[in-house]
Amino acid sequence: LVASTYILPYNPQAYVISVAIFCFLMTFFWLLVFACGSHHNKSSWASADVAYHGFAALLYLSASVLLASVTIGLAALDLKDTIIYKLDVAAV
């Protein structure tokens, strides 16, 4: 229900949830790689770690900007008593 994209104005919460799930799964995989010692203390893994976390930060930043812009747009439409506005404000 929260991730429904069939409402107007367009609501990017499906993208926000997708980013969160993708980053959770990749971080869990990353944890397993480092916990099992599969990285063998190679410096390339440290570089890959920095690159992944930079990419994850970029994804989270893009999701927050999209959600904030929709929330600001909803405020301009004066929909403060609707469930859509309350969901957006709660998510931000």
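The values are calculated or read from the model by the stated rules, or taken from the named source; none is laboratory data. Computed from a prediction, not measured in an experiment: that's the story for all the values here. We work out accessible area using only protein heavy atoms, side chains counted, and drop any ligands, DNA or RNA first. Shrake-Rupley method; radii C 1.70, N 1.55, O 1.52, S 1.80 Å.
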*How would THR71, THR27 rank on accessible area, largest to smallest, probe 1.4 Å?*
THR27, THR71
*Share of the stretch 26-72's accessible area from carbon and sulfur, percent, 1.4 Å?*
76
*Would you kindly derive the ³J(HN,Hα) couplings of the stretch 44-58 from the backbone phi angles with the Karplus curve 6.51 cos²θ - 1.76 cosθ + 1.60 (θ = phi - 60°), listing them in order in whole Hz, with x for Gly and Pro?*
5, 5, 5, 5, 5, 5, 5, 5, 5, 5, x, 5, 5, 5, 5
_One quarter of the convex hull surface, Cα atoms only: what value does that give for the stretch 24-73 in nm²?_
3.7
